[in-house]
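Worksheet for the structure shown next.
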Amino acid sequence: MLNNITNFFNLIATRKIKTITNTSDLLPLGTRDPRYTGCYQPTAILACDLINQVITCVPSIMVLGTGCCSTVRCGNSNIASCGYSTVSGGYRNTASGYYSIVSGGRNNTSSGNRSTVSGGYNNNASGYASTVSGGYNNNASAYNSTVSGGYTNTASAYNSTVSGGRENTSSAYYSTVGGGRENTSSAYYSTVGGGFQNTASGQYSTVGGGYNNTACAANSTVSGGQNNTSSCNNSTISGGYNNTASAYNSTVGGGTQNSASGYISTVGGGRSNTASDDYSIVSGGYNNTSSGQVSTIGGGRNNSSSSSYSTVSGGYGNNAVNAYTTISGGYRNSASGYASSVSGGFCNTASNCSSTVGGGRENTASGYRSTVSGGYNNTASGYYSFVGGGWSNIANWNCSTVVGGAFNTASGAYSGILGGCGNTASVCNSFIVGSNITATRICATFVNNLNIMNIPTSNAGLPTKSVWFDSLSCTLKMVP
């Protein structure tokens, strides 16, 4: 025994001292044995055996695991089987990757190197540096993947994340599912915020929430709603039900069963509206179709804008079917001539280039640059012809005019009818004031009766061809 004490002091004097003990180091001991002088026999013990015996003397503390430098809470069927792995607590947990950690819970496995399971039940972190914070039956199986919690969630790609919820899957690089149920984020940098059965399958695509929505193209977005599909690059659906944005940069603001299928086309809302050509717009309403380039429908129902730059502002059943045509509103109006216009009314037609119907009912402007301002059943069919209003009036020759009245016809070039009823100006440059008159000479004005008020009674100072009244003879005279 004296020799052992001497050797001990010699070790100190020669500085043969270790500050860290390896598990395989032998440590000297004096074992009590009455058969030897001093009752102690010099022996040795492995450092790991000594540590285990010391630790097991205290209940509910940590012991060495089966892996090198691993640590495990004893007595609860936990396993730390790889180098530097740790199981801090819980029951039947396993840390089987290098530097892996299971903090607690039950039946959890941290099998990827540097992976972590913080707690919960039946969770698995099998990817390198993967993390499952808690929950039940969650799986983080890829490099730096994370499942924060929830039930049966999977993060299976590089840096993918599922924050929570149930049965969600994040399966592409940097993809994210915030929560909800049965959501899938399956493309690079894709995101599903929450909701139920939503899918973000295009790169950088986003589904904010809702039910059964799909963003399946690059940079596509569905903010919410139900059964919406954003299927082309940069397409957007803000919400609503059963809407589709299927062209590049197309947008549906909301509503039901709307479709934006033209390049940079837009449907603001409403129901069953379609914007199907480049830059076409339907702001709202029901069953409207904007199918021409840069065509526009403001709203209403059953309206159609089917040619380039055509516009229907609203109303019901209106059709703008040629380039640059415009219908401001009304019911079943048609603008079919190039740059033609119908301001409103009922069943009006502007069918020639730059023709115009201001309003009224069943009016037709079918002549080149012809105009019907209003009224009922009027027709302007001659070039530059004009009907101001009234009922069943016709201006059917070049530059002919019917200002108003009923059943009047101006069929001579440059002819005009001021108003009245049943007049016909069928020769050129004829003009009618009255009713039931037929013009028979060119360059003449026809009236039923002429009453000249305040006529001059002398020719003094009157220009040539002026009419004056001679009171002496009671006759009309003309200045020569």
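The values are calculated or read from the model by the stated rules, or taken from the named source; none is laboratory data. Computed from a predicted structure; not experimentally measured. Virtual Cβ from ideal backbone geometry, glycine too; neighbours counted across all protein chains shown.
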* Search result, residues across the stretch 151-174 that are in a strand (DSSP E or B) and under 16 Å from GLY127 (Cα atoms) -> THR154, ALA155, THR161, VAL162, THR169, SER170
* Based on what the data block shows, is GLY150 more than 28 Å from the chain's Cα centre (by Cα), closer than 18 Å to PHE196 by Cβ and buried (at least 24 other Cβ atoms within 10 Å of the Cβ)? -> yes
* Report the residue count in the stretch 354-370 for those that are among the small types (Gly, Ala, Ser) and surrounded by fewer than 24 Cβ atoms within 10 Å (Cβ to Cβ). => 4
* Asked: Under the condition of being out of contact with any strand residue (DSSP E or B) (no Cβ under 7 Å at 6 or more places or on another chain) and within 16 Å of TYR338 (Cα to Cα), which residue from the stretch 292-305 is surrounded by the most Cβ atoms within 10 Å (Cβ to Cβ)?
  -> VAL294
* Residues of the stretch 415-438 satisfying the condition of being hydroxyl-bearing (Ser, Thr, Tyr), part of a loop (DSSP other than H, G, I, E, B) and surrounded by fewer than 20 Cβ atoms within 10 Å (Cβ to Cβ) -> SER426, SER435
* Structure fact -> Per the filter on the stretch 374-389, residues at negative phi and either in contact with a Phe, Trp or Tyr (Cβ under 8 Å, 6 or more places away or on another chain) or at pLDDT below 95 (or both) are TYR376, ASN378, ALA380, GLY382, TYR383, SER385
* Restricting the first residue to the stretch 450-470 and requiring it to be part of a loop (DSSP other than H, G, I, E, B), which pairs with a second residue that is surrounded by fewer than 11 Cβ atoms within 10 Å (Cβ to Cβ) meet a Cβ separation below 8 Å and a spacing of at least six or different chains? -> THR457/SER471; THR464/PRO480
* **Members of the stretch 371-395 that are assigned to a loop (DSSP other than H, G, I, E, B) and either of a type in the set (A, V, I, L, M, F, W, C) or crowded, with 21+ Cβ neighbours inside 10 Å (or both)** => SER373, GLY375, ASN378, SER381, GLY382, SER385, GLY388, GLY390, ASN393
* Going through the stretch 313-332 one residue at a time, which ones are assigned to a loop (DSSP other than H, G, I, E, B), closer than 17 Å to SER295 by Cα and not small (Gly, Ala, Ser)? -> ASN318, VAL321, ASN322, TYR324, THR325
* To do: Could you grab me the full set of residues in the stretch 149-176 that are farther than 24 Å from GLY105 by Cα and among the aliphatic types (A, V, I, L, M)?
  => ALA157, ALA172
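Residues CYS216, CYS232: which one is at pLDDT 95 or above, within 23 Å of GLY164 (Cα to Cα) and surrounded by fewer than 23 Cβ atoms within 10 Å (Cβ to Cβ)?
Sole residue among the options that is at pLDDT 95 or above, within 23 Å of GLY164 (Cα to Cα) and surrounded by fewer than 23 Cβ atoms within 10 Å (Cβ to Cβ): CYS216.
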